[in-house]
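Where a number appears in this text, it was derived from the coordinates with a stated rule and is not lab data. Since we're looking at a predicted model, the values are computed, not measured. We place every Cβ from the backbone using ideal geometry, glycine too, and count neighbours over all the protein chains shown.
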Amino acid sequence: MATSDLAYSVDQEIANFFAKTTVTRSACDNFARKHVGGNIVPVAVQVVCSYTVYAGNNTEFVVQLRLASLQLSMETAKLTRSIYSYFAPEVTFMGQIGVAIKSKEALSIYVMSRLRGISYLDFILTHNSQVPESLPEFSS
């Protein structure tokens, strides 16, 4: 199959993620709504290890539910925030939801402050023809 034949489907990626856990999408959305409030909007690009939504009255938060085996390091998150200040999100671990049975996992829940601006992915997709395929190499 050629790369050009591949089509990204956010709904399919979300379905693929929830096949790996005992938790439902509605349970995740309900958690975000209960703890953060406001609108719940799935992030446009979902990845294999998590389900991520914007939440809050002005979608000012990011709620990420990750497979328990792929937890974020809170130590790294705190260090990143201390180094980069407001250029890095504040991250709060909210606990776990679901149970691990057979080949399915519980989910670890994180709430983060949302950083406004254009994401690196959006930048690359917008300026794809202007970005060199390889970056210059620097000696170390």
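Structure data summary
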read-out	value
Residues of segment 26-42 that turn out to be free of Cβ contacts under 8 Å to residues at least 24 places away in the same chain and in contact with a helix residue (DSSP H, G or I) (Cβ under 8 Å, 6 or more places away or on another chain), as a count	1
Counted residues, segment 96-123 - those being loosely packed, with under 12 Cβ neighbours inside 10 Å and over 21 Å from Lys78 (Cα atoms)	7
Unmet requirement for Leu70, which otherwise passes all of (1) surrounded by 11 or more Cβ atoms within 10 Å (Cβ to Cβ); (2) in contact with a Lys or Arg (Cβ under 9 Å, 6 or more places away or on another chain)	(2)
Candidates Val23, Val45, Val53, Val10 - the one that is exposed (fewer than 13 other Cβ atoms within 10 Å of the Cβ), in contact (Cβ under 8 Å) with a residue 24 or more places away in the chain and within 17 Å of the chain's Cα centre (by Cα)	Val10
Of all residues making up segment 40-81, the number that are basic (Lys, Arg) and closer than 15 Å to Phe17 by Cβ	1
Within segment 88-131, tally of residues that are more than 28 Å from Thr21 (Cβ to Cβ) and out of contact with any helix residue (DSSP H, G or I) (no Cβ under 9 Å at 6 or more places or on another chain)	10
